[in-house]
């Protein structure tokens, strides 16, 4: 029997390039991408795709979904971000969704969550939520929730409903405290609550097994850090801290700690000897303790923008340190000698003032293409061709899976780096491929390359990439040493190229 519904739907899908013409049967469709088409409505016939597992409708202008969506019984992963939903589509409430992204809509209520028993990942960031108005069965499967950029003032009622949650993002709301009810969340591993008004944390918080915490840009004036036995990452940037104390039992395995722009007057020693990155930039610290050498695993130390005149001789003993930010301090000549002994190449003390690391814009692309010529001049595998380089950098810029950074001095592009998102079968997830790191010859050995690579590593961390990787010319000793000192390790793989045309 001829299927008129499928014939009409196939024609509609083909006009948006959503399916190849080789698709003959509706049962063949398990994944469908209709994003970025400015769609205002969808055909009822979409409901006949009973084998559809993944559906991407992001970046459209949808306000509602057809009733036939209730027939998409195999649908597991649904992306509705950046649309115009103000009311949750009723047609979805009977489905067993596992992942739902409705960020950047106009939703005002969470009550729809009561219908979903199998949902594991939920993104409702950038909506109009003002309160927690749902009552969930504590046996729900939710593992990741993003409620960032809403208007929430109190989330105490959420915690008892999601006892198995592993990741919670509530950045940029109006929260004032972390309440005692968070004690229910024994499985919580990642907690992000930056850009709120939090000034109080219930002591029970410090008994949890959280591994990663972001509390930047809140209202903490005093913190007594204790417990958090499994914590590996903590950021407290831009809090008006007048007092910071560290208990002996605080985070014994902490690897990264940042207290940038917190008005601290003293360098506070942490107990962990596993620290790899430590930031006390933009405070009022005058003295660095000699005990800093105890951080024998420390790779990156940021003390930029303090009142430091002297450095302890013990700093020169830190053999693992590959990046030292200490510009904008009134360093004495003796302090500079300590840096010389340590290794002047890892320090930004020669950094020109006014150099900024920024996301590339379309106006930067020609300058970036010229910089690629500088890079390819020393890499024997590539040839210099400005038109090709410009065409390539434009394509990278236009693809939202990529990140492009530039270093600028007085408006001039003096450095750049790019990173592409790849899927690794070995990792089973996304990884970042760093390429095209180059600094203008007149600006080298000023810390610009370090800032570019470190900024890109931060982006990769924010994206949740499992690793970042790169390739370097085997004869470029300077580049190989640069990457090695910044934590990259040589693999046993050789890179091969096969030219198709």
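A few notes on this one:
- Summed over segment 7-22, residues that are part of a loop (DSSP other than H, G, I, E, B) and either loosely packed, with under 15 Cβ neighbours inside 10 Å or out of contact with any helix residue (DSSP H, G or I) (no Cβ under 8 Å at 6 or more places or on another chain) (or both) total 6.
- Of all the criteria given as (1) free of Cβ contacts under 8 Å to residues at least 40 places away in the same chain; (2) assigned to a strand (DSSP E or B); (3) in contact with a helix residue (DSSP H, G or I) (Cβ under 8 Å, 6 or more places away or on another chain); (4) surrounded by fewer than 18 Cβ atoms within 10 Å (Cβ to Cβ), the one not satisfied by residue 421 is (1).
- Only one entry of 77, 105 meets the criterion of being touching a residue at least 24 places away in the same chain (Cβ under 8 Å), under 24 Å from the mean Cα position of the chain (by Cα) and under 24 Å from residue 164 (Cβ atoms), and that entry is 77.
- Restricting attention to segment 87-100, the residues that are assigned to a loop (DSSP other than H, G, I, E, B) and surrounded by fewer than 19 Cβ atoms within 10 Å (Cβ to Cβ) total 5.
- Extreme residue, farthest from residue 188 (Cα to Cα), among residues of segment 146-157 that are within 24 Å of the chain's Cα centre (by Cα) and in a loop (DSSP other than H, G, I, E, B): 151
- With respect to (1) within 22 Å of residue 149 (Cβ to Cβ); (2) buried (at least 19 other Cβ atoms within 10 Å of the Cβ); (3) touching a residue at least 24 places away in the same chain (Cβ under 8 Å), the lone exception for residue 198 is condition (3).
- Against the test of being at pLDDT 95 or above, assigned to a loop (DSSP other than H, G, I, E, B) and surrounded by fewer than 15 Cβ atoms within 10 Å (Cβ to Cβ), the options 84, 50 yield a single qualifying residue, 84.
- Hits in segment 241-271 (condition: farther than 15 Å from residue 230 by Cα and not in a loop (DSSP other than H, G, I, E, B)): 243, 244, 245, 246, 258
- When we screen 188, 168, 122 for residues that are in a strand (DSSP E or B) and closer than 18 Å to residue 235 by Cα, the only hit is 168.
- Counted residues, segment 175-191 - those being surrounded by fewer than 20 Cβ atoms within 10 Å (Cβ to Cβ), under 22 Å from residue 127 (Cβ atoms) and within 22 Å of the chain's Cα centre (by Cα): 1
- Test for residue 483: is it touching a helix residue (DSSP H, G or I) at 6+ places or on another chain (Cβ under 9 Å), modelled with pLDDT of 80 or more, surrounded by 17 or more Cβ atoms within 10 Å (Cβ to Cβ) and within 19 Å of residue 299 (Cβ to Cβ): no
- Checking 160, 138 one by one, the residue that is assigned to a loop (DSSP other than H, G, I, E, B), more than 17 Å from residue 92 (Cβ to Cβ), at pLDDT below 95 and touching a helix residue (DSSP H, G or I) at 6+ places or on another chain (Cβ under 8 Å) is 138 and no other.
The values are calculated or read from the model by the stated rules, or taken from the named source; none is laboratory data. Given the structure is predicted, the values throughout are model-derived calculations rather than measurements. Backbone-built Cβ (ideal geometry, glycine too); neighbour counts: all protein chains shown.
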